[in-house]
1. Determine whether Thr189 is open to solvent by 20 Å² or more (accessible area, probe 1.4 Å) and either among the hydroxyl-bearing types (Ser, Thr, Tyr) or at pLDDT below 90 (or both).
2. Hey, Gly268 hits all of (1) under 22 Å from Met291 (Cβ atoms); (2) modelled with pLDDT of 80 or more; (3) touching a helix residue (DSSP H, G or I) at 6+ places or on another chain (Cβ under 6 Å) but one; which does it fall short on?
3. In segment 21-43, how many residues are in a helix (DSSP H, G or I) and at pLDDT 90 or above?
4. Given Glu283, Glu251, which one is open to solvent by 50 Å² or more (accessible area, probe 1.4 Å) and out of contact with any Ser or Thr (no Cβ under 7 Å at 6 or more places or on another chain)?
5. Across segment 110-121, what is the number of residues that are farther than 13 Å from Tyr30 by Cβ and either open to solvent by 70 Å² or more (accessible area, probe 1.4 Å) or over 24 Å from the mean Cα position of the chain (by Cα) (or both)?
6. Could you tell me which residue of segment 293-312 is surrounded by the most Cβ atoms within 10 Å (Cβ to Cβ), considering only residues that are assigned to a loop (DSSP other than H, G, I, E, B) and in contact with a Gly (Cβ under 9 Å, 6 or more places away or on another chain)?
7. So in segment 92-103, with the set limited to residues that are crowded, with 17+ Cβ neighbours inside 10 Å and either free of Cβ contacts under 8 Å to residues at least 24 places away in the same chain or of a type in the set (D, E, K, R) (or both), which one is nearest to Arg161 (Cα to Cα)?
Amino acid sequence: MTLVVDLLTSLYLLAAAAADALFGRKRRRYSTAVDIDAPVDVVWRACSAHEIEFEGAQRIGIKVARRPGTPDVYEGHVFVGERAIEMAYREIESRPNEALLIEILKDGSAPSVAPGRDHYVACTFEQRGEGTRLTMVHELTHETFWSRVLIPLGARINGRRLKSYCEKEAGTAKPSSRFGSALMTGALTYASFGYLFNWQFAAVLLFLLIVHEGGHAIAMRWVGLPVQGVYFIPFVGGVAVSAARHRNEGERGFVALMGPGFSVLTTGAFVAGAFMTEDPMFELLALASAMLNGINLAPVLPLDGGQIVDAALSRSDPELARVINMLTLIAGVGVSVYLEWYVLTAILLLTAPMVFRPAAARRRAAPITEASRNWLVAGYLATVAFYVTVAAHYMV
């Protein structure tokens, strides 16, 4: 469910950022509140810690120390996966269990950490029963367009990380319900497809998505990665999320390929059913499956095809990979606008900052081996050829 909320929030923030840029508004304040089932002192220690690490699919952590010769300036790094990003801040006010105010400093911080001027972050702590209401406020003058989206969205995500961390520290963490999340997001996605098409075709699309995301989940288990859950996104599709990082780019490419790869079985069954019975329903199912999976194999990040090509390029020159990803992204945006698939356009634009970063900075795992690359490329081309053939046959 959080993925759906984050997507809708991102679309709203993207629209608000465009409006701000149009009217020249640069100074902005963002407030995020989260209720944490933990005592206020636990939440305070987490927020004021100079060294902390959060669990999840990738390493997220902070490690800072007082800058020599200064009483209130701290510097160090934010760790995202294997990347260490420079960070520096000035502690303006610190009232234990009540409030914390810092200023993010451009001197000593990477642009991704300090994307604006006069960037202040305030945290207030309010005891509510046995829990704590944590309110985080960011105020800054933006210097980039994308910081208008990433700062408030990042605050929401960091609030959830802090909630999970503090509740685990306090022993009040509740087990998550993977089935419940899949069921709820699936119902919302079914309703969104029913609104766009009809209820019968919505059921077909949801079934195809279940098979597709099931392929990703099976591949994760196959390579030894824990599956965090499968979630569906209204008007968009679905995503299978791993609870750990891929150890190498070969794994990432294989997991990405197995979504459409596993769906070859059901698509083939639909083709066989159409051949044996000449029932138009089987032809529709075969065409829908071929179109859904074939489009997903387009070599554009963040689609499966983009993940596969990016993984295959991990042995190549990083700048070459970056240029290829940029060109395919531009082409993907152009095609989606031409076809009036505006939801896909928004998704591609939201992922643009990741694509435009140097490829070397995005790598979180070891490069793919030459043998794995050859098998991955062969499997990718064969799967693309299969879906193109099926789609072309039933579209004629």
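1. Working: open to solvent by 20 Å² or more (accessible area, probe 1.4 Å): no; either among the hydroxyl-bearing types (Ser, Thr, Tyr) or at pLDDT below 90 (or both): yes.
Here the answer is no, as Thr189 does not meet what is asked.
2. For Gly268, the failing item is (3).
3. 4
4. Details: Glu251 fails: open to solvent by 50 Å² or more (accessible area, probe 1.4 Å).
None of the others qualify; the one that does is Glu283.
5. Qualifying residue count, segment 110-121: 4.
6. So in segment 293-312, the residues assigned to a loop (DSSP other than H, G, I, E, B) come out as 297-303.
Subsequent filtering for residues that are in contact with a Gly (Cβ under 9 Å, 6 or more places away or on another chain) retains 297-301, 303.
On the way: Leu297: 25, Ala298: 19, Pro299: 22, Val300: 28, Leu301: 22, Leu303: 24.
This residue is Val300.
7. Ile102
For every residue, the table says whether it meets (1) free of Cβ contacts under 8 Å to residues at least 40 places away in the same chain; (2) of a type outside the set (S, T, N, Q); (3) within 21 Å of Pro367 (Cα to Cα).
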site: Ile210; (1), (2), (3): yes, yes, no
site: Ala217; (1), (2), (3): yes, yes, no
site: Gly229; (1), (2), (3): no, yes, no
site: Phe232; (1), (2), (3): no, yes, no
site: Phe235; (1), (2), (3): no, yes, no
site: Ala243; (1), (2), (3): no, yes, yes
site: Glu251; (1), (2), (3): no, yes, yes
site: Ala256; (1), (2), (3): no, yes, yes
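The values are calculated or read from the model by the stated rules, or taken from the named source; none is laboratory data. In this text, all values refer to a predicted model and were calculated from it rather than measured experimentally. Counting neighbours? That spans all protein chains shown, and the Cβs are built from the backbone with ideal geometry, glycine included. The area values use the complete protein model at the heavy-atom level, side chains included, leaving out ligands, DNA and RNA. Shrake-Rupley method; radii C 1.70, N 1.55, O 1.52, S 1.80 Å.
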